[in-house]
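See structure below.
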Amino acid sequence: MAYDKVFKERPFKWGDVSNFMHYMADEKLVSRLHETIKFKQTAITDEEKVEYFKKRLLEEYNNNKNVKMAVDVCVHCGQCMSACPTYITTGDPYNSPVGRAELIRAVIKADKVSGKLFGKAVGAVKKIDMNYIRKVYTYYWLCLICRRCGYACPFGVEQTDVTRLLGRYFMK
Ligand code: SF4
Ligand code: SF4
């Protein structure tokens, strides 16, 4: 029963604890949790983890416009690099907005026909394995979610949504 309906039917009275009940989680949330647990129980080999990573990234790319923008809109002008604190302090191109995006772009490209045919020549990653996935996580984990890239980019491309996504929905 919805929580607000319960309160309408059984209004709270000071000193009366008969209205107290456990919070019932939304059914959708429960089934999502079950799916996650099932995944954790079944995706135990590295191959399964790699497949799951690719599947989830492609799903997000196809359904989340911010992820799609981070991958497709960037023209590699480099304007965002001098705004990114992690690039300024480390000088590592992968530790920049465009470098991070490049890591997931290479996975998306590997799934396209051009990537399957021409591989690295069109920017697709040659092999997606656990080392590659760890690299993606490492560089997105280093992102400070400061959003400076979004202000510096002439197209408003920013990495924070991808960073949050990789931290929240994907396995670590
Ligand atoms: S949000 Fe991340 S990628 Fe963007 S400028 Fe900040 S640290 Fe760099
Ligand atoms: S400023 Fe925008 S378009 Fe230019 S490299 Fe950075 S993300 Fe790509």
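FYI, it's all coordinate maths here, none of it is from the lab. What you see is a predicted model; the values in this text were computed from it and never measured. Cβ: placed from backbone, ideal geometry, glycine included. Neighbour counts: every protein chain shown.
Observations on the structure shown:
- Percent of Cα pairs exceeding the 17 Å cut-off, where the set is the stretch 45-169: 55 percent
- P97 sits among other residues whose Cβ lies under 11 Å from its own Cβ, and their net charge, with Lys and Arg +1 and Asp and Glu -1, is +1.
- Among the listed pairs K28/K126; K49/K116; K65/K127; K28/K109; K28/K112, a Cα-Cα separation exceeding 29 Å is found for K28/K126; K28/K109; K28/K112.
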